[in-house]
Amino acid sequence: MKKFLLTLIGLFTLGAASIQAQEKENKFLGFFKSLEYEVNAGTNIGGASPIPLPSEIRKINSYNPELNLQIGATARKYFGENGKWGAGIGIRLETKGMKTEANVKNYGMELIDNGQTLKGRWTGKVSTKYHTQQLVIPITAYYRLSKRVTLNAGPYLAFAFRKDFDGYVYDGYLREGDPTGPKISFDKDSKASYDFGDELRSFQWGLQAGVGVNVLKHFVINANLQWGLNDIFKSSFKTVNFALYPIYLNLGFGYIF
């Protein structure tokens, strides 16, 4: 009889533990089932810009935003009876870049000319190409303005695994050292290159805000402004003597599960 009672107690204990474990598992799975998921893609239009435009840049002759593609996914959860407010986290792979041509005066520069490094202040024309590939993690708050329109805002963290910032100068002259240094001239047919890619930061952060519009039950059109809050260059880099901030408008679409 004693063995029988002990067996019953053991079975009851195991059953209760199994039920508790099953309840915890159901709650865990239920949380993930309550989330809304979105996969999305788009393109970034913008560039790395000083704010405000410094006196060294006299004129922008041309600007090419390039084709900057983005693909990502987001998980979010809405709260409350009405489910108007929500929070989410995402991950995306994206490119950001631009090409520009400008007239500058006393622009900080480090040139490579026939294997020789020349550093000083450049006056003339400069061609620049900026390109980076990043892993981005946005942390976002959501507000449902209506059944179809959702607003969003929040910070993002970006980790660059490819970084390019290079170009060439022409039709002008370099003052070595400072604006009163020895003058080295380059006519229209001669060019000198530069490459500041190694001076770009690997980590960037900023804010983004935008809107999503459901055009179908599961299909959404997105528009988000991304504004970087730290200079794209390392703080130790002093050749370019003003900060450049990545500012991009992301236009794209998504599918909601």
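The values are calculated or read from the model by the stated rules, or taken from the named source; none is laboratory data. What you see is a predicted model; the values in this text were computed from it and never measured. Because the Cβ atoms are built from the backbone with ideal geometry, glycine has one as well, and the counts that use them run over all protein chains shown. Side chains included, ligands, DNA and RNA excluded: accessible areas come from the protein's heavy atoms. Shrake-Rupley method; radii C 1.70, N 1.55, O 1.52, S 1.80 Å.
Listed by first and then second residue, the pairs with beta-carbon distance under 9 Å, at least 6 apart or on different chains, first residue in the stretch 58-74 and β-branched (Val, Ile, Thr), second not in a strand (DSSP E or B), are Ile60/Leu53. Can you name every residue in the stretch 224-253 that is among the basic types (Lys, Arg) and farther than 16 Å from Ala48 by Cα? Scanning the stretch 224-253 gives a single hit, Lys238.
Would you check if there is a residue in the stretch 183-194 being under 26 Å from the mean Cα position of the chain (by Cα), on the phi < 0 side of the Ramachandran plot and not basic (Lys, Arg)? Yes, the stretch 183-194 contains a residue that is under 26 Å from the mean Cα position of the chain (by Cα), on the phi < 0 side of the Ramachandran plot and not basic (Lys, Arg). Answer yes if at least one residue in the stretch 106-120 is touching a residue at least 24 places away in the same chain (Cβ under 8 Å), out of contact with any Leu (no Cβ under 7 Å at 6 or more places or on another chain) and open to solvent by less than 10 Å² (accessible area, probe 1.4 Å), and no otherwise. Checked the stretch 106-120: at least one residue is touching a residue at least 24 places away in the same chain (Cβ under 8 Å), out of contact with any Leu (no Cβ under 7 Å at 6 or more places or on another chain) and open to solvent by less than 10 Å² (accessible area, probe 1.4 Å).
Return yes when Gly80 is on the phi > 0 side of the Ramachandran plot, of a type outside the set (Ser, Thr, Tyr), open to solvent by 60 Å² or more (accessible area, probe 1.4 Å) and more than 22 Å from the chain's Cα centre (by Cα) and no when it is not.
Against the criterion (on the phi > 0 side of the Ramachandran plot, of a type outside the set (Ser, Thr, Tyr), open to solvent by 60 Å² or more (accessible area, probe 1.4 Å) and more than 22 Å from the chain's Cα centre (by Cα)), Gly80 qualifies.
Taken over the stretch 121-142, the criterion of being touching a residue at least 60 places away in the same chain (Cβ under 8 Å) and among the small types (Gly, Ala, Ser) is satisfied by Gly124 alone.
When the stretch 83-100 is limited to residues that are under 13 Å from Ile137 (Cα atoms) and aliphatic (A, V, I, L, M), the one that is nearest to the chain's Cα centre (by Cα) turns out to be Leu93. Yes or no: Leu174 within 23 Å of Ala102 (Cα to Cα) and aliphatic (A, V, I, L, M)? The answer is yes for Leu174. Among residues that are modelled with pLDDT of 95 or more and either of a type outside the set (D, E, K, R) or surrounded by 10 or more Cβ atoms within 10 Å (Cβ to Cβ) (or both), Gly42 is included. Within the stretch 83-105, the residues that satisfy the criterion of being within 30 Å of Ile256 (Cα to Cα) and either charged (D, E, K, R) or open to solvent by 40 Å² or more (accessible area, probe 1.4 Å) (or both) are Lys84, Trp85, Ala87, Ile89, Ile91, Arg92, Leu93, Glu94, Lys96.
Scanning the stretch 61-75 for residues that are modelled with pLDDT of 95 or more and surrounded by 11 or more Cβ atoms within 10 Å (Cβ to Cβ) returns Asn61, Tyr63, Asn64, Asn68, Leu69, Gln70, Ile71, Gly72, Ala73, Thr74, Ala75.
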